[in-house]
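S.K.: Quick one: this structure, given as structure tokens, is what I'll be asking you about.
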Amino acid sequence: MTSEKRRVTFGGNPVTLLGEPRAVGDKAPDFTVTDRELKSVRFYEVTALPAIISVVPSVDTGICSAQTRRFNEEAVALKDLVVLTVSMDLPFALNRFCAAEGIDHVYTFSDHREADFGMKYGFLIKELRLLARGVLLVDSQRVIRHIQVVPEIGQHPDYEAVLEAVRDIT
């Protein structure tokens with residue numbers, strides 16, 4: 001597996017990412033998160049592949065909510081692909097957000113219990129116990145085909161780059 005140091009800032013201040021950084025070509029590890037009904041679920045048990053994993057610090061912030069809404073809109077056209085959002089939000093907040101925003105094409109999961117996703121993919125911010133912003137594409141063979149860890153938490157990911165990677169595998 002290839003690992004690399006990633007530089008991420010929050011409000012211009014450097015933060016420390018914990019866990020194992022992943023790269024394109026790595027086997028995507030399984031992880032356990034909490035669904036909106038408070039059940040622990042494993043990624044490979046509940047999610048069809050290929051999948052876009054949209055990673056946000058909290059759906060209760062402007063860019064995170066915009067990122068989730070954007071992928072919800074894109075998911076309509078992505079027939080043979082699952083889109084999910086992973087954050088540290090509690091399942092109650094995810095339920096409220098999805099109901100208020102009409103999020104019905106993206107599966108939302110919480111990493112708050114064990115930070116299993118954050119640690120296995122190198123997205124856990126030590127200083128904040130939040131996830132860094134990013135996007136991954138995992139193909140049907142469980143290989144990471146695209147990964148972006150956004151360098152400044154307050155910026156949007158490159159949506160077009162992940163959508164182009166989707167076109168390359170479908």
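The values are calculated or read from the model by the stated rules, or taken from the named source; none is laboratory data. All values reported here derive from a predicted model rather than from experimental measurement. Don't worry about glycine lacking a Cβ; one is built from the backbone with ideal geometry, like all the others, and counts go over all protein chains shown.
Residue by residue, here is whether (1) assigned to a strand (DSSP E or B); (2) modelled with pLDDT of 95 or more holds:
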residue: G118; (1), (2): no, yes
residue: L128; (1), (2): no, yes
residue: L136; (1), (2): yes, yes
residue: Q141; (1), (2): no, no
residue: I144; (1), (2): yes, yes
residue: Q148; (1), (2): yes, yes
residue: H156; (1), (2): no, yes
residue: A165; (1), (2): no, yes
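S.K.: Let me ask another. Would you check which residues across the stretch 65-116 are buried (at least 19 other Cβ atoms within 10 Å of the Cβ) and on the phi > 0 side of the Ramachandran plot and list them?
M.R.: A115
S.K.: Conditions first: (1) basic (K, R); (2) part of a helix (DSSP H, G or I); (3) more than 22 Å from D158 (Cα to Cα). R113 passes all but one, so which condition is the exception?
M.R.: Failed condition: (2).
S.K.: Continuing with the same structure: From (1) buried (at least 21 other Cβ atoms within 10 Å of the Cβ); (2) of a type outside the set (G, A, S); (3) over 16 Å from Y159 (Cβ atoms), pick out the condition that doesn't hold for E37.
M.R.: Among (1) buried (at least 21 other Cβ atoms within 10 Å of the Cβ); (2) of a type outside the set (G, A, S); (3) over 16 Å from Y159 (Cβ atoms), E37 violates only (1).
S.K.: Now for a separate question. Does A161 fit the bill of being out of contact with any Pro (no Cβ under 6 Å at 6 or more places or on another chain) and within 22 Å of L17 (Cβ to Cβ)?
M.R.: It is true that A161 is out of contact with any Pro (no Cβ under 6 Å at 6 or more places or on another chain) and within 22 Å of L17 (Cβ to Cβ).
S.K.: Say we look at the stretch 140-170 and pick out the residues that are polar (S, T, N, Q) and under 18 Å from I63 (Cβ atoms); which of these is surrounded by the most Cβ atoms within 10 Å (Cβ to Cβ)?
M.R.: Q148
S.K.: I would also like to ask the following. Looking for whichever is buried (at least 20 other Cβ atoms within 10 Å of the Cβ), touching a residue at least 12 places away in the same chain (Cβ under 8 Å), touching a helix residue (DSSP H, G or I) at 6+ places or on another chain (Cβ under 6 Å) and within 17 Å of I63 (Cα to Cα) here; the options are L131, L137, L124. Which one fits?
M.R.: Details: L137 fails: within 17 Å of I63 (Cα to Cα); L124 fails: within 17 Å of I63 (Cα to Cα).
After applying the criteria, what remains is L131.
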